[in-house]
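**Q** First, the structure itself, so that you have it in front of you.
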Amino acid sequence: ERGERWQKTMAVRRRQRLGPGGGRALLAAVLLCLCCRAAAERVRYSIPEELGRGSLVGPLARDLGLSADELPARKLRLSEERQYFTVNEENGNLYVNERLDREEMCGESATCSVSFEVLVQNPLNVFHVEVAIEDVNDNTPRFLQDKFQLEINELTSPGARFAVGVAEDADVGSNSLQGYELEANGYFTVEVKESQDSSKFVELVLRRALDRESEPSLLLVLTALDGGDPPRSGTAQLWINVTDANDNPPVFAHDRHRVSLREDAPPGLIVLNVSASDADAGANSRITYGFGKMPPKVLQKFVVDAETGMITLQQALDFEDTRGYVLLVEARDGGGLVAHCKVDIEVLDVNDNAPEVTLTSVTSPVPEDAPAGTVVALLKVRDRDSGENGQVSCELSGEAPLSIVASSGGSYKVVTASALDREQASEHRVTVVARDRGRPALWSSTELVLEVADVNDNAPVFEEAAYSAYVAENNAAGALVLRVQARDADAGANGRVSYWLAGGSAGAAGAAPLVSVEARSGALYAQRSLDYEQCREFAVEVRAQDGGSPARSSTATVRVFVLDRNDNAPRVLWPAAGPGEAPGAASAPAPFEVVPRSAEAGYLVAKVVAVDADAGRNAWLSYELVQATEPALFRVGLHSGEVRTARAVSERDAAKQRLVAVVKDHGQPALSATATLHVVLAESLQEALPELSERAAGADAPAAELQFYLVLALALLSALFLLSVALAVLARLRRA
């Protein structure tokens with residue numbers, strides 16, 4: 001209700017000041033203000049002090065150009081250090097969050113406002129809001145004490161002035177202290193004067209000579225009035241004691257002194273030495289110095305020597321707290337007469353406050369593909385000093401692709417200066433340094449840590465573009481062939497690599513592949529046993545793909561070479577196996593060769609032909625004659641397999657000869673095969689035919705005869721052994 005009454009009163013006053021045609025001028029002024037505000041991105045409101053919590057300040061969202069539908073996504077919030085205000089998340093209106101006391105917030109300042117930033121997201125932006133706090137006449141003028149006691153000599157001449165004291169009113173403007181009134185009397189009046197700091201003080205003026213004998217004392221009421229509507233007032237009692245004749249008051253050499261002190265002046269510093277003189281003699285001329293009625297905070301800062309009038313600084317000064325003091329110095333003689341002089345002390349600012357850096361908002365992590373100029377942090381800088389001491393510049397210290405851009409109202413934006421690359425730096429640490437222009441300059445800093453979020457901008461890279469693997473044939477199914485590895489510089493799922501076969505000659509169309517790859521490890525395994533004789537080498541393409549979206553991939557060629565093992569025995573092509581020499585060949589006629597009896601040594605009888613499916617040393621063949629009817633008659637070439645006569649054929653040689661040759665390879669271990677060759681010694685084929693016909697009938701006779709002789713020899717050896725044993729036993733018995 002107080003706020004509404006205040007707004008109505010201010011509206012009536014504005015209409016009265018505008019007069020006829022003022023409505024149009026007011027509208028034009030309002031439109032001009034709105035245009036200027038939009039250009040400066042600053043929203044201004046004005047409210048009276050002492051509004052209750054929840055009072056409406058203004059439609060903030062609407063003034064910022066935000067609709068109610070945008071509010072949830074834009075995340076409208078305030079960044080003020082002390083939450084004087086709050087914003088409604090549903091309608092975007094700005095409300096009072098706590099009771100606002102202009103005097104508590106701004107003290108004696110003529111204007112009072114609260115400035116803060118409003119942050120919105122998506123995209124990130126900052127707006128400056130200023131709320132002016134208008135004064136309300138809620139403070140009564142108040143004297144420093146309720147009673148003032150004055151001693152005035154009866155000989156004091158009319159026109160003499162006496163300092164009474166100063167009333168204080170915390171309000172400002174028209175609501176502040178405006179004047180003083182004195183109770184009606186026949187001796188004194190009051191005059192209001194204004195000091196350099198615009199404060200009003202009162203002086204008691206003697207209009208008619210006093211007569212102690214007729215009226216030894218006076219009790220008057222002094223009233224202080226402000227300019228509020230309705231006005232407020234405060235009173236104090238003046239107790240005036242009329243003393244006997246001391247007709248010469250002290251006189252100061254100067255009524256006013258002006259002194260400038262740096263705020264870093266040390267306690268104990270001599271500020272000024274005031275001096276007063278008195279024309280009287282004796283006790284009436286003895287002067288003592290002291291301070292008049294002043295606020296307690298002034299009395300705490302300064303002290304005056306009662307004998308010498310030397311004013312000394314008692315406590316340290318602070319320009320940011322108080323920029324000036326007015327000292328009321330009294331000189332009192334022995335008769336009680338008092339003189340006054342004023343000392344105006346100006347406090348000079350010293351650069352004693354370092355800038356304060358506050359990080360308002362930080363966007364971290366930032367994707368590495370963020371374009372240059374992306375806002376990653378908002379910060380605010382404040383320096384409590386004034387002039388050049390309060391002018392602040394900001395810079396970034398540290399190696400990082402970031403830059404700082406000044407905004408309005410002491411705000412700064414930290415933006416990306418160039419493209420980010422997480423693979424080179426996953427985070428950036430910079431120091432924000434704020435430095436003022438004082439001498440010497442003061443500075444402060446705060447660390448800004450910016451993490452870089454990964455983007456799938458790197459494809460997996462194989463350690464080698466092409467791989468070679470060597471696998472011995474007859475391997476077990478599932479044997480490890482090779483392990484490939486690809487690395488992805490990205491992180492997380494973007495850097496997680498999986499493998500599969502992309503193609504190659506590992507298997508014919510429709511046939512099972514020869515190898516498989518494990519998706520996680522990149523290990524290639526044989527799907528089945530490999531056979532060198534069927535496949536000596538093959539190639540596959542392995543694809544490595546990361547887990548990003550969209551995924552990135554690369555390929556590498558793996559060439560697998562199958563190594564030969566000695567797993568194939570030599571195979572005799574000629575002579576072919578005869579009856580009983582090979583399974584399933586019992587009915588095939590046995591091959592034979594006819595050699596004339598007139599053949600000389602070196603005669604080519606036949607050639608054993610054999611092949612080996614293996615390769616290399618495993619396929620190198622050698623030939624050896626292991627069995628023959630006449631071993632000395634024939635020989636076989638070690639590497640050629642040619643069977644030749646070792647000597648000339650004689651009449652004693654049997655007509656039928658059986659030769660057995662062994663064919664061996666050079667593998668480890670060596671494998672072999674045998675070839676049986678039948679030779680008939682005859683001059684012609686007609687002569688050899690009878691021998692061939694008898695061979696079939698008596699093929700088993702030599703074997704049976706040989707068996708008989710072997711059994712007979714074994715029996716004879718057994719008998720001889722038994723006879724020896726018997727003779728040995730008999731000999732031992734005879735000795736016994």
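**Q** For segment 40-61, how many residues are part of a loop (DSSP other than H, G, I, E, B) and open to solvent by less than 50 Å² (accessible area, probe 1.4 Å)?
**A** Counting residues in segment 40-61 that are part of a loop (DSSP other than H, G, I, E, B) and open to solvent by less than 50 Å² (accessible area, probe 1.4 Å) gives 7.
**Q** Please go through (1) under 24 Å from Lys200 (Cα atoms); (2) open to solvent by 50 Å² or more (accessible area, probe 1.4 Å); (3) part of a loop (DSSP other than H, G, I, E, B) for Gln300 and return the number of the only condition it doesn't satisfy.
**A** Here Gln300 meets the rest and fails (3).
**Q** Given (1) touching a Ser or Thr at 6+ places or on another chain (Cβ under 8 Å); (2) crowded, with 20+ Cβ neighbours inside 10 Å, identify the lone condition not met by Asn353.
**A** So the condition that Asn353 fails would be (1).
**Q** For Val87, are the conditions met, namely being over 32 Å from the mean Cα position of the chain (by Cα), buried (at least 18 other Cβ atoms within 10 Å of the Cβ) and of a type in the set (Val, Ile, Thr)?
**A** no
**Q** If you go through segment 373-409 one residue at a time, how many are in a loop (DSSP other than H, G, I, E, B) and under 30 Å from Gln424 (Cβ atoms)?
**A** Qualifying residue count, segment 373-409: 7.
**Q** Only residues in segment 134-154 that are under 21 Å from Gln178 (Cβ atoms) and touching a residue at least 24 places away in the same chain (Cβ under 8 Å) count as the first member; pair them with residues that are in a loop (DSSP other than H, G, I, E, B) and among the small types (Gly, Ala, Ser), Cβ under 7 angstrom, at least 6 apart or cross-chain, and list the lot.
**A** What qualifies is Asn137/Gly228; Asn139/Ala170.
**Q** Is it fair to say Asp229 is more than 23 Å from Gly179 (Cβ to Cβ), part of a loop (DSSP other than H, G, I, E, B), in contact (Cβ under 8 Å) with a residue 40 or more places away in the chain and not small (Gly, Ala, Ser)?
**A** Answer is no for this residue.
**Q** Return a yes/no flag: does segment 488-496 have any residue that is at pLDDT 90 or above, surrounded by 15 or more Cβ atoms within 10 Å (Cβ to Cβ) and outside any loop (DSSP other than H, G, I, E, B).
**A** Within segment 488-496 (the criterion being at pLDDT 90 or above, surrounded by 15 or more Cβ atoms within 10 Å (Cβ to Cβ) and outside any loop (DSSP other than H, G, I, E, B)), the answer is no, since none of the residues qualifies.
**Q** Output the residues belonging to segment 263-318 that are at positive phi and in contact with a Phe, Trp or Tyr (Cβ under 9 Å, 6 or more places away or on another chain).
**A** Gly309
**Q** Just to be sure, is Val271 outside any loop (DSSP other than H, G, I, E, B), free of Cβ contacts under 8 Å to residues at least 40 places away in the same chain, of a type in the set (A, V, I, L, M, F, W, C) and open to solvent by less than 40 Å² (accessible area, probe 1.4 Å)?
**A** no
**Q** Still on this structure, please answer the following. Are any residues in segment 62-83 surrounded by 15 or more Cβ atoms within 10 Å (Cβ to Cβ), in contact (Cβ under 8 Å) with a residue 40 or more places away in the chain and either in a loop (DSSP other than H, G, I, E, B) or of a type outside the set (Lys, Arg) (or both), and if so, which ones?
**A** Leu64, Leu66, Leu76, Leu78, Ser79
**Q** What number goes with the only condition from (1) buried (at least 18 other Cβ atoms within 10 Å of the Cβ); (2) hydrophobic (A, V, I, L, M, F, W, C); (3) in a strand (DSSP E or B) that Leu420 does not pass?
**A** Among (1) buried (at least 18 other Cβ atoms within 10 Å of the Cβ); (2) hydrophobic (A, V, I, L, M, F, W, C); (3) in a strand (DSSP E or B), Leu420 violates only (3).
**Q** Can you name every residue in segment 164-184 that is modelled with pLDDT of 85 or more and either among the aromatic types (Phe, Trp, Tyr) or open to solvent by less than 50 Å² (accessible area, probe 1.4 Å) (or both)?
**A** Gly179, Tyr180, Leu182
**Q** Please go through segment 538-564 and pick out each residue that is closer than 15 Å to Gly495 by Cβ and either open to solvent by less than 70 Å² (accessible area, probe 1.4 Å) or outside the structural domain of Ala476 (by the TED database) (or both).
**A** Ala544, Gln545, Asp546, Gly547, Gly548, Ala551, Ser553, Ser554 - these are the residues of segment 538-564 that are closer than 15 Å to Gly495 by Cβ and either open to solvent by less than 70 Å² (accessible area, probe 1.4 Å) or outside the structural domain of Ala476 (by the TED database) (or both).
**Q** Moving on. Among the residues of segment 363-372, write down those that are open to solvent by less than 20 Å² (accessible area, probe 1.4 Å) and outside any strand (DSSP E or B).
**A** Correct list: Glu368, Ala370.
Conditions (1) closer than 24 Å to Ser199 by Cβ; (2) not assigned by the TED database to the domain that holds Leu177, marked per residue:
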{"position": "Leu76", "(1), (2)": "no, yes"}
{"position": "Gln83", "(1), (2)": "no, yes"}
{"position": "Asn97", "(1), (2)": "no, yes"}
{"position": "Gly107", "(1), (2)": "yes, yes"}
{"position": "Phe116", "(1), (2)": "no, yes"}
{"position": "Val126", "(1), (2)": "no, yes"}
{"position": "Lys147", "(1), (2)": "yes, no"}
{"position": "Ile152", "(1), (2)": "no, no"}
{"position": "Phe162", "(1), (2)": "yes, no"}
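**Q** Next up: Considering each of Ser397, Ser386 in turn, give the residue that is open to solvent by 20 Å² or more (accessible area, probe 1.4 Å), more than 17 Å from Leu124 (Cα to Cα) and touching a Ser or Thr at 6+ places or on another chain (Cβ under 8 Å).
**A** Among Ser397, Ser386, only Ser397 is open to solvent by 20 Å² or more (accessible area, probe 1.4 Å), more than 17 Å from Leu124 (Cα to Cα) and touching a Ser or Thr at 6+ places or on another chain (Cβ under 8 Å).
**Q** Please determine, by comparing only the residues of segment 303-317 that are surrounded by fewer than 16 Cβ atoms within 10 Å (Cβ to Cβ) and assigned to a loop (DSSP other than H, G, I, E, B), which one is farthest from the chain's Cα centre (by Cα).
**A** Among those residues, the one meeting the criterion is Glu307.
**Q** Can you pull out the residues in segment 510-555 that are farther than 15 Å from Val481 by Cβ, among the hydrophobic types (A, V, I, L, M, F, W, C) and touching a Phe, Trp or Tyr at 6+ places or on another chain (Cβ under 8 Å)?
**A** Ala519, Ala544
**Q** So which residues in segment 233-262 are crowded, with 19+ Cβ neighbours inside 10 Å, at pLDDT 90 or above and in a loop (DSSP other than H, G, I, E, B)?
**A** Pro250
**Q** Taking the options Thr358, Thr308, name whichever one is of a type in the set (S, T, N, Q) and over 30 Å from Val126 (Cβ atoms).
**A** Step by step, each of Thr358, Thr308 is checked, and only Thr308 is of a type in the set (S, T, N, Q) and over 30 Å from Val126 (Cβ atoms).
The values are calculated or read from the model by the stated rules, or taken from the named source; none is laboratory data. Everything quoted here is computed from the prediction, not taken from an experiment. When we count neighbours, we look across all protein chains shown, and the Cβ atoms used for this are built from the backbone with ideal geometry, even at glycine. Side chains are part of the model used for accessible areas, which takes the heavy atoms of the whole protein and leaves out ligands, DNA and RNA. Shrake-Rupley method; radii C 1.70, N 1.55, O 1.52, S 1.80 Å.
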